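Peer 1: The structure's right below; bear with me while I get my questions together.
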Amino acid sequence: MDISPRPLPASQTPPLVLTVAGSDSGGGAGIQADLKTMLALGTHGMSVITAVTAQNSRGVQGAWDLPVEAVRAQFRSVVDDIGVHAVKTGMLSSAELVEAVAELLGGTGAPVVVDPVGVSKHGDPLLAASALESVRTRLLPAATVATPNLPEVEQLTGVRVEREEDLRRAADAVLALGPRWALIKGGHLPGEAVDLLTDGREEHRLRAARHDNRHTHGTGCTLAAAIAAELAKGAEVPAAVAAAKKYVTGAIAAGFPLGSEIGPVDHGWRFR
């Protein structure tokens, strides 16, 4: 079956990006962050909701997976009719969901950005331990770019990163699981915010000043969605990641208070 995007004039239809992730009722992360990012970067965002969370600035009060058949139906509904230029995956909390989504991704022919979400910004678990092996063996091999943060690297590979010199060892461990590129996010390290992007041959270190702003909810989702948007627009991986890093750095700098605890990054900072 041909699932390529339907040919419409470029002036009418922007690049098409699909997010497969959970819903954040507070609007700072997950599906909501992804769609805001995709719009801000000039693409059309579409969604497959995998879970619904009750979530606010204080944390996650509850999470409910959608049935696998509902996830599969959403994906087929969008992709078979509209098509897609890039896909981003986020919260996939069960082995059944991971395996179903990995199977669906194999038929798109589009670049895939996998954000292997393990815990929320507040430390709430969003990935069942029983799903880890499916992420390693089914989802990561489908990724064009995998974007784990340091706790997720340790969760997936056992490699603990304590300083910048450890980033390459972490990247090698992630690449061994099958993605074409690994972006190891060093935001949990002290000092300058440095990420390592590599495919095992070429290496790019992306540096940015660290902003003194506690309102960083949604950072990981936003970065992965931004990479997917840039890939959908035709950028090669290193250029897509560099542009996404610049966008998310601005969003972090403009993060704002919301509720009583940690607020979100500002997805619309370029329009203020």
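Only the coordinates and a few stated rules stand behind these numbers; no lab work does. Bear in mind that the values here come from a model prediction, so they are computed numbers and not experimental data. A quick note on method: Cβ atoms are made from the backbone with ideal geometry, for glycine too, and the neighbour counts reach across all protein chains shown.
Peer 1: Spin-label point model (7 Å from Cα, Cβ direction): what's the Q61 to R201 distance in nm?
Peer 2: With each label point 7 Å from Cα toward Cβ, the separation is 5.2 nm.
Peer 1: Considering amide H positions built from the backbone, and no H for Pro or chain starts, which residues 5 or more places from T50, or on another chain, come under 5 Å of its amide H?
Peer 2: Those lying under 5 Å, H to H, from T50 are A21, G22, S23.
Peer 1: Now a separate question. If only Cα atoms are counted, what is the Rg of the range 68-194, and what is its Dmax, in Å?
Peer 2: 14.9, 47
Peer 1: Something else about it: To the nearest 20 debye, what is the magnitude of the charge dipole of the chain about its Cα centre, counting +1 on the Cβ of each Lys and Arg and -1 on the Cβ of each Asp and Glu? Please report the intermediate quantities before stating the final value.
Peer 2: On the way: 25 positive and 30 negative charges, 132 e Å.
It works out to roughly 640 debye.
Peer 1: Hey, fewest Cβ within 10 Å first, where do W181, W64 land in order?
Peer 2: In order of increasing Cβ crowding within 10 Å: W64, W181.
Peer 1: Please arrange F75, F271 by how many other C-beta atoms lie within 10 Å of their C-beta, fewest to most. Before the final figure, lay out each step's value.
Peer 2: Details: F75 24, F271 7.
Ordered by Cβ neighbours within 10 Å, fewest first: F271, F75.
Peer 1: Continuing with this model, one more query. Stokes-Einstein D for the chain at 20 °C, 1.002 mPa s, Kirkwood Rh over Cα pairs, in µm²/s?
Peer 2: Details: Rh = 18.3 Å.
Estimated via Stokes-Einstein, D reaches 117 µm²/s.
Peer 1: Using +1 at the C-beta of Lys and Arg and -1 at the C-beta of Asp and Glu, which of P238, S25, L132 has the Cα lying farthest in the positive direction of the dipole of the chain?
Peer 2: P238
Peer 1: Which length gain, in nm to one decimal place, applies between S260 and T13 when the Cα-Cα distance is subtracted from 0.36 nm times their residue separation? If you can, show how the numbers build up before the last one.
Peer 2: Numbers: separation 247, 0.36 × 247 = 88.92 nm, distance 3.96 nm.
Roughly 85.0 nm would be gained on extension.
Peer 1: Given H placed on each backbone N at 1.01 Å, which residues far from G26 in sequence or on other chains put an amide H within less than 5 Å of it?
Peer 2: Long-range HN contacts for G26: Q55.
Peer 1: Determine, for K246, K185, K36, the number of other Cβ atoms within 10 Å of each Cβ, and report the residues in order from fewest to most.
Peer 2: Placing the least packed residue first, the sequence is K246, K36, K185.
Peer 1: May I ask you to derive the relative contact order of the chain, considering only C-alpha pairs under 8 Å and at least 6 residues apart, and to give it as an integer percent?
Peer 2: Computed over the chain, the figure is 19 percent.
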